[in-house]
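A short worksheet on the structure shown next.
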Amino acid sequence: GAGVSQSPSNKVTEKGKDVELRCDPISGHTALYWYRQSLGQGLEFLIYFQGNSAPDKSGLPSDRFSAERTGGSVSTLTIQRTQQEDSAVYLCASSLAGRRETQYFGPGTRLLVL
Amino acid sequence: GIQVEQSPPDLILQEGANSTLRCNFSDSVNNLQWFHQNPWGQLINLFYIPSGTKQNGRLSATTVATERYSLLYISSSQTTDSGVYFCAVEPGGGSYIPTFGRGTSLIVHP
């Protein structure tokens with residue numbers, strides 16, 4: 001079956017612009033996670049959605065970052081007024097149920113802010 | 001915050017060799033995960049292992065929470081085991097935010 005998909009695969013933007021990154025989880029998976037990976041900071045957790053519950057936003061680095069999940073499926077991560085330090089690979093994962101289930105990762109979106 | 005240290009940072013093996021990767025953490029944790037990132041960037045969640053031992057094929061992991069470390073064993077390594085292995089810990093106190101180590105980069109030569 002289809003795995004986790006993310007789009008775009010690559011995004012180049014200018015400092016100060018807004019970007020939207022999309023994640024399509026595996027069908028039927030109720031939990032969805034966003035992470036980012038950069039050379040300087042390594043792997044970082046950003047946000048976690050579980051079903052219709054309020055998301056756990058505790059990993060978002062600033063108020064320029066927001067995420068939503070529509071209909072319990074597709075999720076978008078929005079970065080407003082991008083900065084050069086936002087350059088990273090943004091990874092999405094989904095799992096069947098809660099946090100203790102195996103997470104399946106998408107290929108990531110590579111974001112470069114010039 | 002909690003500190004996570006992985007060792008060794010780099011490891012080079014000949015195919016068929018066994019290896020042990022270590023993850024030390026500085027405080028009590030609710031959970032610990034091991035991940036593998038292949039050379040093309042794909043991440044795979046290997047184990048959730050807050051304590052005890054789990055095995056999956058040639059891989060096994062042991063966490064000794066009271067001594068604040070976890071070990072990942074790779075037996076009879078294959079070239080497809082190459083990549084970076086990360087551990088991530090969830091601190092106690094109800095916070096889910098996982099903290100990742102910097103990883104162990106493994107190269108397995110044929």
Over all directions, what mean area does the Cα convex hull of chain B project, stated in square nanometres? 6.3
Please report the accessible area of A:ASP63 (heavy atoms, 1.4 Å probe, ligands and nucleic acids excluded) in Å², nearest 10. 130
Cross-link partners of B:LYS54 among aspartates and glutamates (Cα-Cα below 15 Å; sequence separation of 8 or more within a chain): A:GLU101
Sorted by accessible surface (1.4 Å probe, heavy atoms of the protein chains only), largest first, B:ILE107, B:ILE49, B:ILE12 come out as B:ILE12, B:ILE107, B:ILE49
Accessible surface of A:VAL19 in the full protein assembly, 1.4 angstrom probe, to the nearest 10 Å²? 0
Order by accessible surface, 1.4 Å probe, largest leading, for residues A:SER38, A:SER53 comes to A:SER53, A:SER38
Let me check against my output: what whole-number percent is the relative contact order of chain A, with C-alpha pairs under 8 Å and at least 6 apart? 38
Any chymotrypsin sites (Phe, Trp or Tyr not before Pro) in the stretch A:14-80 that lie in a DSSP loop and have at most 14 other Cβ atoms within 10 Å would be none
Of chain B, which part is the longest with no chymotrypsin sites (Phe, Trp or Tyr not before Pro) in a loop (DSSP not H, G, I, E, B) and with at most 16 other C-beta atoms within 10 angstrom? B:41-95
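The values are calculated or read from the model by the stated rules, or taken from the named source; none is laboratory data. Note that the structure is a prediction, hence the values are computed from the model and not measured. FYI the Cβ positions are ideal-geometry reconstructions off the backbone, even for glycines, and counts take in every protein chain you see. With ligands, DNA and RNA removed, areas are computed over all heavy atoms of the protein, side chains included. Shrake-Rupley method; radii C 1.70, N 1.55, O 1.52, S 1.80 Å.
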